[in-house]
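Okay, structure first, notes after.
The values are calculated or read from the model by the stated rules, or taken from the named source; none is laboratory data. What you see is a predicted model; the values in this text were computed from it and never measured. Quick reminder, even Gly has a Cβ in these numbers, built from the backbone with ideal geometry, and neighbours come from all protein chains shown. Just so you know, the surface numbers come from the protein's heavy atoms only, side chains and all, with ligands and any DNA or RNA stripped out. Shrake-Rupley method; radii C 1.70, N 1.55, O 1.52, S 1.80 Å.
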Amino acid sequence: LAPIPGLVLKYLAAVGDEVKAGDPVVILEAMKMENSLPSPTGGRIKELPVQPGATVAKGDVLAIIVAI
């Protein structure tokens, strides 16, 4: 989930990639600063519902990660 409103700059993982808790998944620009958002849990990326360049609100889903 987006912790703050901002602009999705890019994803650092793709659908199907395995991530560990703490691995960076998305870069979110907020207040003219780039924020690297980590995976809250380990698993496989199932979906990245927001396109890079889109503006998101606090609480918007940025990645769906399923446990493996």
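Worth pointing out:
- Radius 15 Å from Cβ of Ser39, net charge of other residues (Lys, Arg +1; Asp, Glu -1): -1
- Taking θ as phi - 60° and the Karplus parameters 6.51, -1.76 and 1.60, the scalar couplings of region 33-46 work out to 10, 8, 10, 8, 9, x, 5, x, 8, x, x, 10, 5, 8 Hz in sequence order, x denoting glycine and proline.
- Heavy-atom accessible surface of the chain: percent carbon and sulfur, 1.4 Å: 57 percent
- Solvent exposure of the chain, expressed per residue, is 62 Å² of accessible area, with all protein chains present and a 1.4 angstrom probe.
- Mean Cα-pair separation over length for region 25-68, i.e. relative contact order, pairs under 8 Å, 6 or more apart, %: 37 percent
- Under 5 Å between amide hydrogens, built in the peptide plane, is the criterion, and for Ser39 it picks out Gly22, Asp23, Val25 among residues at least 5 positions away or on other chains.
- Per-bin percent of Cα-Cα distances, the chain [5 Å]: 4, 20, 32, 26, 14, 4, 1, 0
- Integer Hz, Karplus 6.51/-1.76/1.60 couplings in order for region 47-54, x for Gly and Pro: 7, 10, x, 10, 7, x, x, 8
- ³J(HN,Hα), Karplus 6.51/-1.76/1.60, whole Hz, each residue of region 11-24, x for Gly, Pro: 9, 9, 9, 10, 4, x, 6, 8, 10, 9, 4, x, 5, x
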